[in-house]
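Inspection log for the structure reproduced underneath, given as structure tokens.
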Amino acid sequence: ARREALPRDLDGRRVLISAGGTREPLDPVRFLGNRSSGRQGYALARVAAQRGAEVTLVAANADLPTPAAVHVVRVGSAEELRTEMLRRAPDAEVVVMSAAVADFRPTLRAEHKIKKGASDPAALELVRNPDILAELVARRTPDTVIVGFAAETGDDAGDVLHHGRHKLQRKGCDLLVLNEVGEGRAFETEDNEGWLLYADGREQTLPRRAKSELASMVWDGVFPLLHA
Ligand code: CTP
Ligand code: CA
């Protein structure tokens, strides 16, 4: 198949992307995790590198091949992801939070493997994890473009777009990539569909496409936001 020539519009741009899903340890052998494969974040990294960017990909538990010319930093927990993102963000012109960050972690991490014992276990106690995207926004320089992701379903409070618009407001990022989730959607699939929601109120639908094509559309949306 003929390969479309990609624009080199991100030439030399420093891009920082998180991908995958964090694992919150309970003990040395167990964790609380999620189903994120990392494919969307990897596709964003691959496409950005193809368009000329210098890409660092902070990958949480993603079992995927390293894309060409991408610097991959592996992490496990939300705390590790946070440390790497906050440390590296000041050098980046674009920061993309596509990782699925655990909202909660076990309050205690057992030093040794938890044994079954004779009775039922105590209830699992959880605490909130810090909101990394919100911290990145709070510490940003004016020239940094910050992109968030959201996977939403409709519920009694409103539809997917309602939740996406509120999340964009709450997070304060420049662009929110909103995906509708549900049966056979977004998680562990090759395809994705959704919207790009911009801080200035613009909204653009993303048709159902392969994740690499969605990645191209996200970069097409980011490019005009970049500081000259
Ligand atoms: N995110 C983050 N740190 C967290 C949780 C989420 O940086 N502790 C980022 C995600 O990487 C994503 C965006 O915030 O880019 C939205 O994540 P989401 O889970 O949809 O938002 P929450 O604020 O956690 O809201 P909720 O899960 O209740 O919908
Ligand atoms: Ca969440």
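The values are calculated or read from the model by the stated rules, or taken from the named source; none is laboratory data. No experiment lies behind these values; they were computed from the predicted model shown. Neighbour counts run over all protein chains shown; Cβ positions are idealised from the backbone, glycine included. Accessible surface areas use protein heavy atoms only, side chains included; no ligands, DNA or RNA. Shrake-Rupley method; radii C 1.70, N 1.55, O 1.52, S 1.80 Å.
Can you work out which of the residues in the range 204-228 that are open to solvent by 50 Å² or more (accessible area, probe 1.4 Å) and touching a helix residue (DSSP H, G or I) at 6+ places or on another chain (Cβ under 8 Å) is farthest from V94 (Cα to Cα)?
Among residues in the range 204-228 that are open to solvent by 50 Å² or more (accessible area, probe 1.4 Å) and touching a helix residue (DSSP H, G or I) at 6+ places or on another chain (Cβ under 8 Å), the one farthest from V94 (Cα to Cα) is R209.
Which one of these does G117 not meet: (1) over 17 Å from the mean Cα position of the chain (by Cα); (2) open to solvent by 80 Å² or more (accessible area, probe 1.4 Å)?
Of the numbered conditions (1) over 17 Å from the mean Cα position of the chain (by Cα); (2) open to solvent by 80 Å² or more (accessible area, probe 1.4 Å), the odd one out for G117 is (2).
Filter the range 132-141 down to the residues that are free of Cβ contacts under 8 Å to residues at least 40 places away in the same chain and out of contact with any Gly (no Cβ under 6 Å at 6 or more places or on another chain), then identify the one that is least open to solvent (accessible area, probe 1.4 Å).
A134
Using beta carbons and a limit of 9 Å, which pairs, at least six apart or on different chains, have the first residue in the range 90-119 and free of Cβ contacts under 8 Å to residues at least 60 places away in the same chain and the second one more than 16 Å from ligand 1 (Cβ to nearest atom) and of a type in the set (S, T, N, Q)?
Pairs found: P90/T141.
In the range 135-157, what count of residues is obtained for those that are within 9 Å of ligand 1 (Cβ to nearest atom), touching a helix residue (DSSP H, G or I) at 6+ places or on another chain (Cβ under 6 Å) and outside any strand (DSSP E or B)?
1
Identify, please: which residue in the range 143-168 is exposed (fewer than 12 other Cβ atoms within 10 Å of the Cβ) and not charged (D, E, K, R) and is, among those, modelled with the lowest pLDDT?
T153
Select from the range 32-83 the residues that are in contact (Cβ under 8 Å) with a residue 40 or more places away in the chain, open to solvent by less than 60 Å² (accessible area, probe 1.4 Å) and closer than 18 Å to E135 by Cβ and list them in ascending order.
Result: T56, V58, A60, V75, S77, A78, L81, R82.
Please state which one of L214, L206 is in a helix (DSSP H, G or I) and at pLDDT below 95.
Only one candidate passes the filter, namely L214.
Would you tally the residues in the range 172-189 being at pLDDT 75 or above, assigned to a loop (DSSP other than H, G, I, E, B) and open to solvent by 10 Å² or more (accessible area, probe 1.4 Å)?
Summing the residues that are at pLDDT 75 or above, assigned to a loop (DSSP other than H, G, I, E, B) and open to solvent by 10 Å² or more (accessible area, probe 1.4 Å) in the range 172-189 gives 3.
Can we say P106 is away from ligand 1 (no atom under 12 Å from the Cβ) and crowded, with 17+ Cβ neighbours inside 10 Å?
yes
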